[in-house]
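The values are calculated or read from the model by the stated rules, or taken from the named source; none is laboratory data. These numbers were taken from a predicted model, which means no experiment stands behind them. Positions of Cβ are backbone-derived with ideal geometry, glycine not excepted, and every protein chain shown enters the neighbour counts. In case anyone asks, the SASA skips ligands and DNA or RNA and just uses the protein heavy atoms, side chains included. Shrake-Rupley method; radii C 1.70, N 1.55, O 1.52, S 1.80 Å.
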Amino acid sequence: MEEKLRVRRIGLTGGIASGKSTVTELLRKMGFTVLDADAMYHQLVAANGALLPRLVEAFGEYILAADGSLDRRVLAKHIFAEKAAREKLDAITHSAVYHELDRLAKETISQWKIQRTRKAAEDNEVAHRLLFFDIPLLMESFGASQCLSLDRIWLVTAPEAMRKQRLMVRDGLSEEEAKRRLAAQMSEDEKQKKADVILTNDADLEKLKKIVEEAVRGEEYA
């Protein structure tokens, strides 16, 4: 008997210091599965990671930490200073990360099908699930992300002044450094043109939680 399981794949993204990680945490507390692109990237650039040799070839051994893994702080300092370096890094990493995420998504969906009860199958019940993908640079890598077959894109956004302040406090950056980090990313206007749902994080956690809950309801009953 064919399993009837409808899964809506949702890409979750947002600029640096927008509050995307907070939204991810809220979704997980609500019981949703969120696949993490950054965590997948960490695996691929670990000491024995599949991508590390390519990064060393592209940028040099100075990007390695003492344990042989990628020193992300050193690499970040380099790529934020040079657009060409960012583009080189993106070309190496995005496709590999997304294909691994898609593989993991298929495994997750297969497990969901197995976990469905026999009664649900016999009653011809259609199960609906939301599967989220936490992808910081989704908009910037829109072409490479097509392999994920996303149904919707959620964008977490916040006023630039608020993001700058959060960045300075969180990462201990000067105002000028924070401005450079923000300027290195795609503008919020460009991102909003590609987003299906915009979550504005401009107040407290309680308000953000209500916004996320409303967005979830919109997806579940769409």
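Rounded to the nearest 10 degrees, the inclination of helix 20-29 to the longest alpha-carbon principal axis of the chain is 30 degrees. Distance between the 7 Å Cα→Cβ label points at R129 and Q165: 4.1 nm.
Fully extending the segment from W112 to R8, taken as 0.36 nm per residue of separation minus the present Cα-Cα distance, adds 36.1 nm.
In the chain, the DSSP beta bridges split such that about 5 percent are antiparallel, to the nearest 5.
Put simply, the amide H of D134, placed in the peptide plane, has neighbours under 5 Å in L12, L35, D36, A37, leaving out anything fewer than 5 places away on its chain. Across T157, T22, the residue with the most accessible area heads the list, and the full order at a 1.4 Å probe is T22, T157.
In a fully extended conformation the segment linking F80 and A46 would gain 10.1 nm over its present Cα-Cα distance, using 0.36 nm per residue. In the complete set of protein chains, residue-level accessible area for E176 is approximately 100 Å², probe 1.4 angstrom. The ratio of the alpha-carbon radius of gyration of the stretch 1-113 to the globular-protein estimate 2.2 N^0.38 Å is 1.27. Here the stretch 5-108 exposes an accessible surface that is 50 percent carbon and sulfur, computed with a 1.4 Å probe and the other protein chains kept in place. The residues of the stretch 167-215 present an accessible area of 63 Å² per residue when probed at 1.4 Å with all protein chains retained. Along the Cα→Cβ direction, 7 angstrom out, place labels at E220 and A65. What is the inter-label distance in nm? Distance between the two pseudo-spin positions: 3.8 nm. For the chain, the relative contact order is 37 percent, taking Cα pairs closer than 8 Å that sit 6 or more residues apart in sequence and dividing their mean separation by the residue count. So what's the angle, to the nearest 10 degrees on a 0 to 90 scale, between helix 205-220 and the longest Cα principal axis of the chain? Long axis of 205-220 versus the principal axis of the chain: about 50 degrees. With every protein chain in place and a 1.4 angstrom probe, the accessible-area ranking of E175, E219, E214, largest first, reads E214, E175, E219. For the chain, the longest principal axis of the alpha carbon atoms and the long axis of helix 160-171 meet at an angle near 70°. The mean accessible area for residues of the stretch 1-141, using a 1.4 Å probe and ignoring ligands and nucleic acids, is 54 Å² per residue. In order along the stretch 153-158, the phi-based Karplus estimate (6.51 cos²θ - 1.76 cosθ + 1.60, θ = phi - 60°) of 3J(HN,Hα) comes to 10, 9, 10, 8, 9, 7 Hz; Gly and Pro are listed as x. The phi-based Karplus calculation (6.51 cos²θ - 1.76 cosθ + 1.60; θ = phi - 60°) puts the 3J(HN,Hα) values of the stretch 74-81 at 5, 5, 4, 4, 6, 6, 6, 8 Hz, whole numbers, x for Gly and Pro. Normalising by residue count, the chain has a Cα convex hull of 141 Å³ per residue.
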